[in-house]
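First the structure, in the form of structure tokens, and then the observations on it.
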Amino acid sequence: MKNIAILGSTGSIGQNSLSVIRGFPDKFRVVGLSTNSNVDILYQQIKEFHPLSVCIKDINAAFKLKSKLKSRGIKIFIGEDGLPDMIQHKSIDLIILAISGSGALLPLLKAIDNGNDIALANKEAMVAAGPIIMDKAGKQGIKIMPIDSEQSAIWQCLDGQQKNKLKNIYLTASGGPFRKTNGKAFKNISLKQVLRHPRWKMGKKNTVDSATLMNKGLEVLETMFLFNVELDKIKILIHPEAIIHSMVEFIDGVILAQLSVADMRIPIQYALSYPQRLSSRFSSIDFLKLRRLNFEKPDFKKFPCLELAYQAAKEKGTLPCVLNAANEVSVAEFLKKRINFVSIPKVIEKVIDRHRNNKQPTLDDILEADGWAKKEAYKVIDKL
């Protein structure tokens with residue numbers, strides 16, 4: 001029986017994780033849940049899974065939940081400091097980190113300090129501070145098991161293989177909703193069109209990132225840090241069927257690929273059960289219906305966020321953090337309809353150009369760069 005804490009349990013990944021756990025009551029037990037402010041969903045999760053503790057970042061929402069719970073005997077943690085306190089509980093075997101954005105960085109580092117293995121569904125923290133995270137995890141002997149479908153695919157294909165014989169990693173992308181859209185039409189794209197992803201059901205931020213292809217750019221950086229791979233070994237392939245979730249090629253010409261239907265619960269289940277595999281109730285690929293798989297080159301000109309991500313990957317230092325922070329602000333403002341779709345890469349590029357890169361950053365340098373980039377992005381947006 002693994003005791004699981006889910007940080008970000010009310011979001012898309014959190015709810016899918018609970019869907020997996022629901023199917024294995026003899027193998028997984030939920031001991032902790034957290035949310036930013038969605039206490040209505042959290043309350044239903046508490047009633048079903050009976051965790052020992054919960055954390056709510058929003059103070060007003062926390063008091064609302066307290067009045068609902070009354071005397072259920074659940075420990076409630078509140079505010080910014082609540083999450084680090086909750087995850088210190090000795091009963092936790094595995095933490096699912098499903099908090100979105102760079103706000104996951106400090107809880108992730110705290111979880112590593114506590115000696116918790118981590119099922120990671122957040123790429124932004126790894127992009128911002130990948131070398132620091134992986135160095136700390138390595139020293140502590142902590143397993144970081146990726147939940148994102150592409151990173152999970154790479155992880156599975158590399159498992160048990162000779163890492164020094166790796167030639168290439170092929171990072172696949174569906175291409176998003178605008179793969180076939182003429183770039184000249186991008187200025188008229190609506191929020192509704194952006195949020196209509198052809199293959200995956202995700203949170204709004206990830207869906208916007210998939211439309212700009214920044215999601216794939218962030219995954220390039222994540223792959224570099226998570227697997228300690230040079231940038232020139234990572235290739236992006238547009239694969240609209242989203243059946244091959246990524247591939248690895250070795251020096252002898254052999255390519256290993258991980259294939260499955262587009263369902264986030266599949267990589268989540270593998271991360272939870274690793275190193276075992278458990279029977280699944282999810283659908284499988286019907287190759288006779290599928291018939292063919294297609295691949296295309298990514299269009300860097302049409303999707304400039306990719307080029308910006310590669311720039312950050314080449315320079316490293318604090319630049320990946322700045323890229324990520326500027327993107328977070330730009331996407332948030334696009335979702336509020338303050339800027340249009342084509343302004344997202346323009347804002348990010350201006351912030352990157354204004355940044356003086358620190359090639360050997362400490363954690364404090366990363367946090368400072370994150371705050372600076374977010375403020376700078378708002379300044380750029382205010383002048384648009």
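Every number here is computed from the coordinates shown, using simple stated rules; none is lab data. Computed from a predicted structure; not experimentally measured. Here the Cβ positions follow ideal geometry from the backbone for every residue, glycine too, while neighbour counts run over all protein chains shown.
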Scan of the stretch 293-317 for residues that are under 18 Å from A173 (Cβ atoms) and of a type in the set (D, E, K, R), ordered by number: E296, K297, D299, K301, K302, E307
Residue ranges of helices (runs of 4 or more DSSP H) in the stretch 265-384 with at least 3 members over 30 Å from K27 (Cα atoms): 287-290, 304-315, 319-335, 343-354, 363-382
Pair list, Cβ < 7 Å and 6+ apart or interchain, from the stretch 142-165 residues that are small (G, A, S) to residues that are surrounded by 14 or more Cβ atoms within 10 Å (Cβ to Cβ) and part of a loop (DSSP other than H, G, I, E, B): S149/M264
Pick from the stretch 227-270, criterion polar (S, T, N, Q) and farther than 15 Å from T172 by Cα, ranking: surrounded by the fewest Cβ atoms within 10 Å (Cβ to Cβ): N228
All positions within the stretch 144-169 that are in contact with a helix residue (DSSP H, G or I) (Cβ under 9 Å, 6 or more places away or on another chain) and exposed (fewer than 14 other Cβ atoms within 10 Å of the Cβ): K163, K167
Test: residue in the stretch 55-74 that is at negative phi, under 22 Å from the mean Cα position of the chain (by Cα) and of a type in the set (A, V, I, L, M, F, W, C): yes
